[in-house]
Amino acid sequence: MQEDTVDSDADRRSFLTRLSVGLAGLIGAVISLPPIGYVLSPLVRKPPRKWRDVGSLEQFPMGETKLVQFQDASSTAWAGDTAKTGAWLRRTGESEFIAFSVNCRHLGCPVRWIKDAKLFMCPCHGGVYYQDGEVAAGPPPEALARYPVRVVDGNVEIETSPIPLTTNDVA
Amino acid sequence: MNAIKSILRWLDDRSGFSDVVLPMLRHVVPDNARWWYVFGSATLCAFMVQVISGIALATTYVPGGEAAYESLLYITNEAPLGNLLRGMHYYGATAMVILAIIHMTQVFLHAAYKYPRELNWMSGVVVLFVVLGMSFTGQLLRWDANGVWSVTVAAEMAGRAPVVGPAIAHLILGGETVGGSTLTRFFAIHVFVLPGLIFAGIGLHLWLVLRHGISEMPNPDQPVEPDTYKEDYESRLEKTGVPFWPIAAWRDTVFSVAVMALIVGCALFFGPPALGTSPNPSDINANPMPDWYFWWYFAILSMLPPELETYVILGLPVVGLIGLIIVPIWSNKGDRSPSKRPWAVGTVVFGFTALVVLTIYGYKKPWSPDFGVEPLPAQLVGSSDPAIVHGAQLVHQKGCMYCHDVDGYGGHRGPELSDIGHRLNRAGLIIRINNGGYNMPSFAASLTAAELSDMVAFLQTRTNSSRQVASDSTEAATP
């Protein structure tokens, strides 16, 4: 009789322990899952790509490479200048353009166009690219990324794209 | 008077200060450590500077988009004491990193991480990495052009990871590009997540100090024997130990005052780091550079062969963390004295030498083109031949001097050209310039035949003897 009480007491304790641990886990899951989903949301919420006007045809002389700026697709109201992206736009034909991303393919620093040398140079670790974006020297593993570009009604338009990562090519 | 006393007595009784806290403060510590053990408490003091100055800055700082930069300008230039507070937060961070590393080095050299203090060491290593995380995220909150590009570089580094890389990169950016959601993430991490981890880590670290006691100075005749260590330690402490408060603690307080004076002094005299240009990712004239704590890493990444790069970018932090954490697992007993641990001393000497050399390298960054290089002055060109004079102009204009040093002018990415006239003949120079070479672009497409000829004519005059003649003739020309 007495042993029964001890047993049922032990059962009761282990049940209550499991109940409390389980309920605490439930509380933890309920309060932490929405925040985790919220923080991870940039992975699922892909902004639609948008074509941005960067200037009229006559602003870009044949064969020249000029810096243009455009607004990202996902610009939030408070982003201001931080939602801008730059591109090196090179006119190669009557209505043909190449829009190079300004990000060096090594670690993403902004490359500069050195007009007289016809080279893009990166200030961070000395990556150098030819005018067609191919690697000329330094650590970059691949050529400068390109944005989709088109001419509509005499205006040049660039399509917004994610920052080019060495592991996922743009376009 | 009596009323105040009785209120204090009531508070003491109900809170348990005399029963619980005082014994902790007065716990017995070895009497021989003296000034060696002041670095841990000074790190804590620097952390308090960070918490308090950080809270004050957060009352004005706006963690979003363009407004962040405006609020930084306001804090720096207009807000009363704002400049001082930014300075204290910056030099406090510097002090915290330096002191944490000195503290760790002292513990390592004295092998205080051995039994039973293994977890003290491990918790300290984790806190050190969180502190480095604080310095990186803190640098980004200085949201100028450098901040924008530092985030980009961080995202690109993370993006190198296999499979999950792009996802991590987009989480860092808060989207697919730098934008309105980027800074707010780093703000939340810098002011909530990482400080929470540091508080928890320091709490554990201090609790372990109380639980295992402060280690004695290493004695070459007393190697650590886990079986008998605790008894031996207790019995030695009974004979020679002193209460931490105030016999040992006064040194900690004195040193912490010196550290605080240094932080405030630097903030007053040097001021906070200057803000760069505004955070506009389409402004390509930025010259991204990490804060000094990471210059050594910057240097390593620049000098590695590209095929190893991804492994080092991703592997070094992980290997560093694991390598440090397993130190007490590797060896938790035996000698503590540095005189009997030559490998430990060698590791510290090697580590610090590498750190200093790489940091200097990271500061000088000879691998980066020098976009600000001036044209060669006429007396260094040393010729009135129009072809040579034109060639000297071209060497500047075509960007050669961004990477090549000519008589003290130019970058250091490529070989110096001051005596290239001795090393390559005309044909050799033409081949090299047209075709490029290891790490040098081909210039065939950007030079006309006449330009190439002038450039080569100039380069052929770059010999030690020609410079001698040039400087002689300038001296002769000066009356």
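Since every read-out is calculated from the coordinates, none of them should be taken as a lab result. It should be emphasised that the depicted structure is a prediction, and the values quoted were computed from it without experimental measurement. Cβ sites come from the backbone with ideal geometry, for glycine too, and all protein chains shown count toward neighbours.
Full-extension gain between residue A:96 and residue A:45, please, as 0.36 nm times their residue separation minus the C-alpha to C-alpha distance. 15.1 nm is the gain from fully extending residue A:96 to residue A:45.
Its relative contact order, with pairs defined as Cα atoms under 8 Å and 6+ residues apart, puts chain B at 19 percent.
Across the range B:354-361, computed HN-Hα scalar couplings (Karplus, 6.51 cos²θ - 1.76 cosθ + 1.60, θ = phi - 60°) run 4, 4, 5, 4, 5, 5, 4, 4 Hz from first to last residue, x flagging Gly and Pro.
Among the cysteines of the protein assembly as shown, those whose beta-carbon sits 4.7 Å or more from every other cysteine beta-carbon are B:45, B:266, B:400, B:403. Magnitude of the charge dipole for the protein assembly as shown, about its Cα centre and with charges confined to Cβ atoms of Lys, Arg (+1) and Asp, Glu (-1), is about 540 debye.
With viscosity 0.692 mPa s and temperature 37 °C, the Kirkwood radius over alpha carbon pairs of the range B:403-462 converts through Stokes-Einstein to a diffusion coefficient of 280 µm²/s. Quantify how much of the Cα-Cα distance distribution of chain B extends past 34 Å, in percent. So the pairs more than 34 Å apart make up 53 percent of the total in chain B. Distance between the pseudo-spin-label points of residue B:221 and residue A:155 (7 Å out from Cα toward the beta carbon): 8.9 nm. The slack between residue B:330 and residue B:58, meaning 0.36 nm per residue of separation minus the straight C-alpha distance, is 93.7 nm.
Dipole orientation for chain B: of the candidates B:205, B:271, B:458, B:205 has the Cα lying most toward the positive pole (charges on Cβ; Lys, Arg +1; Asp, Glu -1). The mean number of Cβ atoms from other chains found within 10 Å of a Cβ in peptide B:146-157 is 4, as a whole number. Taking the charge dipole of the range B:25-364 about its Cα centre, with +1 at Lys and Arg Cβ atoms and -1 at Asp and Glu Cβ atoms, the residue from B:345, B:218, B:90 reaching farthest to the positive side is B:218. Among the lysines of the range B:25-364, pairs that are 8 or more positions apart or on different chains and have alpha carbons within less than 26 Å of each other number 8.
The ranking of A:57, A:67 from fewest to most other beta carbons within 10 Å of each one's beta carbon is A:57, A:67. Listing B:459, B:197 from fewest to most neighbouring C-beta atoms within 10 Å gives B:197, B:459. Other residues whose C-beta falls under 13 angstrom from the C-beta of residue A:112 contribute a net charge of 0, scoring Lys and Arg +1 and Asp and Glu -1.
If you take all other residues with their beta carbon under 14 Å from the beta carbon of residue A:150, and give Lys and Arg +1 and Asp and Glu -1, the sum is -1. Legend: ranking of residues B:228, B:184, B:461 from fewest to most surrounding C-beta atoms inside 10 Å; resulting order B:228, B:184, B:461. Lysine pairs in chain A with alpha-carbon atoms under 26 Å apart, 8 or more places apart or on different chains: how many are there? Number of lysine pairs found: 8. Shape annotation for the range A:2-42: C-alpha extents along the principal axes are 61, 9, 5 Å, from largest to smallest. Reported to the nearest whole Å, the Cα centre-to-centre distance from the range B:396-447 to the range A:118-135 is 16. Working from Cα pairs under 8 Å separated by at least six residues, relative contact order for the range A:2-108 is 17 percent. Can you give the FRET efficiency for residue B:188 and residue B:2, using 1/(1 + (r/R0)^6), R0 = 51 Å, r = Cβ-Cβ distance, to the nearest 0.05? My answer for the efficiency is 0.50.
Tell me the mean residue ellipticity at 222 nm calculated for chain B from its helices only (DSSP H runs of n ≥ 4, each -39500 (n - 2.57), averaged over every residue, nearest 500). Helix-only estimate at 222 nm: -20500 deg cm²/dmol.
Taking θ as phi - 60° and the Karplus parameters 6.51, -1.76 and 1.60, the scalar couplings of the range A:129-136 work out to 10, 6, 5, 8, x, 6, 5, 9 Hz in sequence order, x denoting glycine and proline.
The range A:9-66 and the range B:279-349 have Cα centres lying 31 Å from one another. Shielding value for B:427-440 is 1, the average number of Cβ atoms from other chains within 10 Å of each residue's Cβ. Here is the result for the range B:199-272: no GluC sites (Glu not before Pro) lie in DSSP coil with at most 14 other C-beta atoms within 10 angstrom of their C-beta. Modelled this way, with points 7 Å down the Cα-to-C-beta line, the labels at residue B:240 and residue B:35 are 2.0 nm from one another.
For the range B:382-391, 3J(HN,Hα) computed residue by residue from phi via the Karplus equation (6.51, -1.76, 1.60; θ = phi - 60°) reads x, 8, 10, 4, x, 5, 5, 4, 5, x Hz, glycine and proline entered as x.
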